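Notes for the one structure printed next.
The values are calculated or read from the model by the stated rules, or taken from the named source; none is laboratory data. Computed from a prediction, not measured in an experiment: that's the story for all the values here. Glycine gets a Cβ as well: all are built from the backbone with ideal geometry, and neighbour counts include every protein chain shown.
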Amino acid sequence: MIAPGIRIVEPYPALYLEEEDAVVIADIHLGYEEAMARQGVYLPRLQYDKISIIIKKLLETTQASKLVIAGDIKHEFSRLLKQEKLEVAKLLHDAYRAGYKEVIVVRGNHDNFIGPLIENLGGKFVEDLDTSTALITHGHKDIECGGKPIIMGHEHPALQVSIGGAKTKFPVFLIVPLEECGTAIVLPASGAYQVGNNITLEQENYLSPIIRKRAVLEEAKPIIIDEDEGLMPLPPLGDLRTVLAI
C-alpha cells in the first residue's frame, strides 16, 4: 500500500482503490500518431494496442468494476481527430466488453471536444472525481486542499539514471508530500510514446500548479515501475541528487 486503500497494480502504470473497486491510469494520448503525422512525423500506431493490453491485464489482476482515466485520454488540443474519435470509442467498447461495469474519464488539458462522445458511449466525463479514498484530478489546474491523497497525472514522471556517462530513463510513480495538503500520487503515463519527463528538484520544471506551488520535492519518493523487474522504491529525491540525473 502506498496510502490507505491505495496500491500499485504491479507491473502496470496503474493504481487500485480498494473501497471504490477501481483501477486508475492516466495520460493515454490516443491519436498521438495522427497528430504527429500532421507535422510530418510518421510513427507506427502503437498507442491503442498498448493501452488495450493494459486495461485487460488490470481487469484480470484486480477484477475491478471501474476503470478511471485521470486525464488525457486523447492527444490533440485544438480538434477531435479521426483517430482519436475511433480509438476512444473502441477503448470504451473494449473496456465494457472485457468486464468493466463503469468507465470514468477525468478531464485533462488535452481532452477537448471528447466529452459528448464518451457520454454517448456510456462513460462518464467529469472535471474531477472525489472519492472516499482520494481526489482524482488530472493535475493541469490548481485545486483546493483536502485531507485525502490527490491522485493525478499530467507530469509523465520519469527518472533518469546516469551511470558511467550512460543515461537510462525509467517511468515512475512519484509520491509527493504537499505543504498543508497531504500527499500527491503522480501516475506515470500509459501511452507508448509518452516516455516521461525527468523528475528534478527544481520546482519550476514541473507542469502542474499543484506540484509547483506545494510540493516538498526533497522528500518526494520515486517508485520505478518496470515490466521485467516490477516495483523498485527509491529514497527521497533529496538523497538521490548525487547519483541521479535530477
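Here segment 74-117 is the region considered, the condition is being within 21 Å of residue 131 (Cβ to Cβ) and β-branched (Val, Ile, Thr), and the residue that is surrounded by the fewest Cβ atoms within 10 Å (Cβ to Cβ) is 104.
Conditions tested, residue by residue: (1) crowded, with 21+ Cβ neighbours inside 10 Å; (2) outside any loop (DSSP other than H, G, I, E, B).
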site	(1), (2)
151	yes, yes
155	yes, no
167	no, yes
170	no, yes
185	yes, yes
191	yes, no
195	no, no
201	no, no
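State yes or no: is residue 161 crowded, with 23+ Cβ neighbours inside 10 Å, in a strand (DSSP E or B) and among the hydrophobic types (A, V, I, L, M, F, W, C)? Here the answer is no, as residue 161 does not meet what is asked. Within 20 Å of residue 13 (Cα to Cα), within 18 Å of the chain's Cα centre (by Cα) and of a type in the set (S, T, N, Q), is that true of residue 65? The answer is no for residue 65. All told, residue 51 meets the bar of being buried (at least 21 other Cβ atoms within 10 Å of the Cβ), out of contact with any strand residue (DSSP E or B) (no Cβ under 6 Å at 6 or more places or on another chain) and at pLDDT 95 or above.
Here residue 28 fits the description: touching a Gly at 6+ places or on another chain (Cβ under 7 Å), farther than 16 Å from residue 102 by Cα and either in contact (Cβ under 8 Å) with a residue 40 or more places away in the chain or not in a loop (DSSP other than H, G, I, E, B) (or both). Residue 36 fulfils the conditions (1) crowded, with 16+ Cβ neighbours inside 10 Å; (2) part of a helix (DSSP H, G or I); (3) more than 16 Å from the chain's Cα centre (by Cα); (4) hydrophobic (A, V, I, L, M, F, W, C) except for a single criterion, (1). Mind listing just one residue for me: the one in segment 235-246 that is over 19 Å from residue 149 (Cβ atoms) and modelled with pLDDT of 90 or more and, of those, surrounded by the fewest Cβ atoms within 10 Å (Cβ to Cβ)? Looking at residues that are over 19 Å from residue 149 (Cβ atoms) and modelled with pLDDT of 90 or more, I get 235.
In contact with a strand residue (DSSP E or B) (Cβ under 6 Å, 6 or more places away or on another chain) and either over 24 Å from residue 55 (Cβ atoms) or at pLDDT 95 or above (or both): which single residue out of 163, 211, 199 fits that description? Every option except 199 fails the conditions. Taking (1) assigned to a strand (DSSP E or B); (2) modelled with pLDDT under 95; (3) not small (Gly, Ala, Ser) in turn, residue 67 satisfies each apart from (2). Looking only at residues in segment 178-197 that are under 16 Å from the mean Cα position of the chain (by Cα) and of a type in the set (A, V, I, L, M, F, W, C), the one that is farthest from residue 68 (Cα to Cα) is 195. Residues that are within 13 Å of residue 31 (Cβ to Cβ) and in a loop (DSSP other than H, G, I, E, B) within segment 79-107 comprise 79, 80, 81, listed in sequence order. Among the numbered conditions (1) farther than 20 Å from residue 231 by Cβ; (2) in a strand (DSSP E or B), the only one that residue 180 does not meet is (2).
If only one of 225, 211 is of a type in the set (Val, Ile, Thr), out of contact with any Ser or Thr (no Cβ under 7 Å at 6 or more places or on another chain), surrounded by 15 or more Cβ atoms within 10 Å (Cβ to Cβ) and in a strand (DSSP E or B), which one is it? Of the residues listed, the single one that is of a type in the set (Val, Ile, Thr), out of contact with any Ser or Thr (no Cβ under 7 Å at 6 or more places or on another chain), surrounded by 15 or more Cβ atoms within 10 Å (Cβ to Cβ) and in a strand (DSSP E or B) is 225.
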